[in-house]
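Below: one structure, written as structure tokens.
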Amino acid sequence: MLQSLGSAGHFLTTIEREDEGGETLEHGVAVLATGGKEATTESYGYGQSEAILTQHQLEDKLHGDSVNPAELRVVTMIQCVDSREEPRNYCSRICCGSALKNALYLKDQNPDIEIYVLYRDIMAYGFLENYYTQARQKGIIFIQYSVDDKPRVEVENGQVIVGVTDPILGREMVIESDLLVLSTGIVANGQDKLAQIFEVEVDQDGFYQEAEYKWRPVDFLKEGIFTCGIAHSPRSISETIAMAEATAQRALRILTSDRITAGAIVAEVRHSLCCLCEKCIAACPYGARWRDELEEKVMVNELGCQGCGSCAAVCPNSASVLSGYRDQQMFSVIDAALEEMF
């Protein structure tokens, strides 16, 4: 179990162990890289036969020599299993690449094997396009299906029978398969608990939510906390490495500084006007405000505050204000706005 307090440059995180008590760590930044996991499925007869596997299981069996390609006649692969539709309406990015890799390996080991890949869209971007081209050259057959007309799977006497509508032939195809391999995709690895501890956000699919996908793709809204890899979103190994390098650079920006300078525009509280309604605490997207119970005051973490002004907008008593603006600046803004109106 974890507990974390503090801000950028000075976090205190307590790790509680069941048998050894707790240990408090002092650290300048936090990187949440908790990864993901293979999605489970009950679709397409999974669990009804040992001949129905996921791509991950197929790789394990090929590596462990429990599946012999020389003994296989027909292998069918189904892509986008339970993916790209509600409630898991996203692409895991690695499934098509894994299917192409495994299909090419089977073909190399047994050129006579028949392999059918049933897909919605082949996501073979970048250099993966070469594998797609090689697969077609080696005779691997790709059949597209729609979400409204998915493949049908039956298991009869240990034999896996796959039915699919071929859009080119315009008729039903029946494929008697020795193996049916399902691409089930990636799901979040229980990020919700850590998100609550570090006061960061997750998206609708349970992955960590970055501050801004274009300008701050590895930062959280809360300063000093970063993410990378599959914990952020499904991605390949090369993409994960690139994201980890970006995260390291962002973290070093803080770790290599003797002092951390707050922004020129930060919020402050006029305590004489504050009624302790705590609306500003709920409105702050950066978690930079809290109520000091001993002082009976709302306090501002200047390093965490990024001067968005949300607190000032919701304060009923004008007790929450932004420093860094001179009155003359504000008067100039008002004058300019009025000139446009009249």
Gyration tensor (alpha-carbon) shape descriptor, the range 37-186, a/c threshold 1.5: rounded
Between ASN68 and GLU42, 0.36 nm times their residue separation minus their Cα-Cα distance comes to what? 6.8 nm
Residue-count net charge about LYS297 - beta-carbon cut-off 14 Å; Lys, Arg +1, Asp, Glu -1: -3
Ranked by GNM mean-square fluctuation in the chain (Cα springs under 10 Å), the top entry among LEU100, LEU25, LEU128 is LEU25
Out of ALA319, LEU338, ASN301, whose Cα points farthest toward the positive end of the dipole of the range 239-342 (charges: +1 Lys, Arg; -1 Asp, Glu; placed on Cβ)? ASN301
Given a Förster distance of 35 angstrom, what is the FRET efficiency for LYS214 paired with ASP149, based on the Cβ-Cβ distance and rounded to 0.05? 0.40
Taking the Cα centre of the chain as origin, sum charge times position over the Cβ atoms of Lys and Arg (+1) and Asp and Glu (-1), and report the length of that vector in debye to the nearest 20. 740
Segments 247-260, 134-147, 111-124 sorted - mean Cβ within 10 Å per residue, highest first: 111-124, 134-147, 247-260
What does the net charge come to around GLN144 if you take all other residues with beta carbon closer than 15 Å to its beta carbon, with K and R at +1 and D and E at -1? 0
Could you tell me how many cubic angstrom of Cα convex hull volume the range 147-302 has per residue? 229
Cβ-Cβ cut-off under 12 Å around LEU53, Lys and Arg +1, Asp and Glu -1: the net charge is -4
Cysteines of the chain lacking any other cysteine beta carbon under 4.7 Å? CYS80, CYS91, CYS95, CYS96, CYS228, CYS274, CYS275, CYS277, CYS284, CYS305, CYS308, CYS315
Once you order the gyration tensor axes a ≥ b ≥ c over the Cα atoms, which shape class does the chain get: rounded for a/c under 1.5, otherwise prolate or oblate by comparing a/b with b/c? prolate
Please list 232-240, 313-321, 289-297 highest first by mean number of surrounding beta-carbon atoms within 10 Å per residue. 232-240, 313-321, 289-297
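A short reminder: the numbers here are calculations on the coordinates, not readings from a lab. Note that the structure is predicted; figures quoted are calculated from it, not measured. No Cβ is skipped: glycine too gets one built from the backbone with ideal geometry, and neighbour counts run over all protein chains shown.
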